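The values are calculated or read from the model by the stated rules, or taken from the named source; none is laboratory data. The structure displayed is predicted, hence computed values, not measured ones. Cβ sites come from the backbone with ideal geometry, for glycine too, and all protein chains shown count toward neighbours. These area figures cover heavy atoms from the full protein model, side chains too; ligands, DNA and RNA do not enter into them. Shrake-Rupley method; radii C 1.70, N 1.55, O 1.52, S 1.80 Å.
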Amino acid sequence: MILKPLRDKRVLKIACGESHSLILTDKWDVYAWGRGFEGQLGLAKCIEVASTPQYIKTFYGKPIQSIEAGAYFSLAISKEGQLFGWGEAKMGQLGLGKQREIRIPQKIPIIDEESKQEHKVVSCSAGFGHTACLTESGDLFTWGFNIYGQLGHGDQKTRWYP
């Protein structure tokens, strides 16, 4: 069955989390629906469930080129190479420090520790409680829950920032 709110949209990509879905259109807009108790829909501070696709207003005027969905969080990359995250944050998966959740998309700074320069992101991936991104210069950043060493840092220490 075709989703009626999307019938006049051309969908480029879909990303599905545990109980939520995202789509990216050819107009570089992002829509979300499903269960959003941790804020993974990114629609508003008070919206926790959407049974049909809803436009994420935070991205008005910010063209998005890519989307990803973790279990209870969401990611988007703007055409300018900025990474945004929202939803559950308690395992560090959003890279925005120790927080329970972030209900509205927030920019995740990807900063080189040595040069203090901000990197442009070209690709990202969302796991259950961890995130990875690839920068324009080919650098790989990982952060979040790391009990199994899934971040690749050679330890099992959770990272709260990229």
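How many of the residues in region 20-56 are loosely packed, with under 14 Cβ neighbours inside 10 Å and out of contact with any helix residue (DSSP H, G or I) (no Cβ under 8 Å at 6 or more places or on another chain)? Talk me through it step by step, then tell me what you get.
As a first pass, look at region 20-56 and keep what is loosely packed, with under 14 Cβ neighbours inside 10 Å: 26-27, 45-46, 49, 51-52.
If we keep only those that are out of contact with any helix residue (DSSP H, G or I) (no Cβ under 8 Å at 6 or more places or on another chain) as well, we get 26-27, 45-46, 49, 51.
Count: 6.
For region 105-122: of the residues being touching a Ser or Thr at 6+ places or on another chain (Cβ under 7 Å) and touching a residue at least 40 places away in the same chain (Cβ under 8 Å), which is surrounded by the fewest Cβ atoms within 10 Å (Cβ to Cβ)? Don't jump to the end; show me each part of the working.
Within region 105-122, the subset touching a Ser or Thr at 6+ places or on another chain (Cβ under 7 Å) is 105, 110, 119-122.
Now narrow it down to the ones that are touching a residue at least 40 places away in the same chain (Cβ under 8 Å): 105, 110, 120-122.
On the way: Pro105: 24, Ile110: 23, Lys120: 14, Val121: 25, Val122: 16.
By that ranking, first place goes to Lys120.
I want to confirm something. Restricting to region 123-146 and keeping residues that are in contact with a strand residue (DSSP E or B) (Cβ under 6 Å, 6 or more places away or on another chain) and assigned to a loop (DSSP other than H, G, I, E, B), which single residue is least open to solvent (accessible area, probe 1.4 Å)?
Gly129
Tell me which of these Trp86 doesn't satisfy, since it passes every other one: (1) in contact (Cβ under 8 Å) with a residue 12 or more places away in the chain; (2) in a loop (DSSP other than H, G, I, E, B); (3) hydrophobic (A, V, I, L, M, F, W, C).
(2)
Listed here are the residues, each with its yes/no results for (1) of a type in the set (A, V, I, L, M, F, W, C); (2) over 23 Å from Ser19 (Cα atoms).
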{"position": "Glu88", "(1), (2)": "no, no"}
{"position": "Glu114", "(1), (2)": "no, yes"}
{"position": "His119", "(1), (2)": "no, yes"}
{"position": "Val122", "(1), (2)": "yes, yes"}
{"position": "Phe128", "(1), (2)": "yes, no"}
{"position": "Ser137", "(1), (2)": "no, yes"}
{"position": "Trp160", "(1), (2)": "yes, yes"}
